[in-house]
């Protein structure tokens, strides 16, 4: 019964995340769910996309635009995360902090995928939650946990800041060689901040693995994207791909599966 209630709660949290993902990138104060096309307020049954789908209210009453399928995906992902973390850790402080952290990372991922933005208003609260998880989500005493978390945050921020500088240097080189302006660079300051958040969450013993997993995942996806676009005769060498989701991927792998990886390989974070 409790797990079912958490699934419902996760879906409702996902609905709230959808509202934030709609409004925050446009620098507007979040308000009740509304149509992404015309801004018309949704009917109450459309506030939760799954309820809208079941009730047949899938389109805006004013402009007839369909709801975004992203709303359904986020609600399902949120509910699944909450249920899974509860199954792993029970109703504990670790469960509460980890669930909150994952929900924050889900919001960051959605906004970065849609807008290529990692907003200060999302990353700073996530940093606080990540630090709290680093302090109270493990088995170390507070002092040792604080040192581990702060060092991890510093390493994550520092490494991704180097990547950021390399990205700016590459963009400057492209401008000089091709004489073409570059609208976006491979790494933004939001990615640097998210790298610091990742380190706060996983500590110094995990941030190296986060960087490795994120880099490998990003490289694989970029290669697949390049291959598909080449088949379609499109040039994608200067097309930026949001990197935040790959950092989040690395963090989630470490937070949820570090022990399993360590048992499998005999070494790990």
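Where a number appears in this text, it was derived from the coordinates with a stated rule and is not lab data. Source: prediction; values computed, not measured. For neighbour counting, all protein chains shown are included, and Cβ atoms are generated from backbone atoms with ideal geometry for every residue, glycine included.
Annotations
- Amide N proximity, segment 1-43 versus residue 54 label position 7 Å along Cα-to-Cβ, cut-off under 15 Å: 4-13, 15
- Debye intensity ratio in log₁₀ form over the Cα atoms of the chain, taken at each q of 0.08, 0.10, 0.16, 0.17 Å⁻¹: -0.38, -0.59, -1.27, -1.35
- Descending by average beta-carbon neighbour count within 10 Å, the peptides 199-207, 31-39 line up as 199-207, 31-39, the highest first.
- Using the Cβ-Cβ distance between residue 37 and residue 223 with R0 = 41 Å, the FRET efficiency computed as 1/(1 + (r/R0)^6) comes to roughly 0.75.
- Contact order relative to length of segment 61-219, as percent, for alpha carbon pairs under 8 angstrom and 6 or more apart: 24
- Stretch gain in nm, segment residue 146-residue 2, where the contour uses 0.36 nm per residue and the Cα spacing is subtracted: 48.6 nm
- Extension gain for residue 26-residue 261 works out to 80.6 nm (0.36 nm per residue, less the C-alpha to C-alpha distance).
- Look at 9, 93, 194, 2 and count the other Cβ atoms within 10 Å of each Cβ; fewest to most, that gives 2, 93, 9, 194.
- Estimated [θ] at 222 nm from DSSP helical runs (n ≥ 4, -39500 (n - 2.57)) normalised by residues in the chain, nearest 500: -24500 deg cm²/dmol
- Full extension of the chain between residue 205 and residue 44 yields a length gain of 53.4 nm, computed as 0.36 nm times the residue separation minus the alpha carbon distance.
- Taking 177, 150, 68 in turn, the Gaussian network model of the chain (Cα-Cα springs below 10 Å) assigns the largest fluctuation to 177.
- Calculated FRET efficiency for the pair residue 121/residue 212, C-beta based, R₀ 35 Å, to 0.05: 0.75
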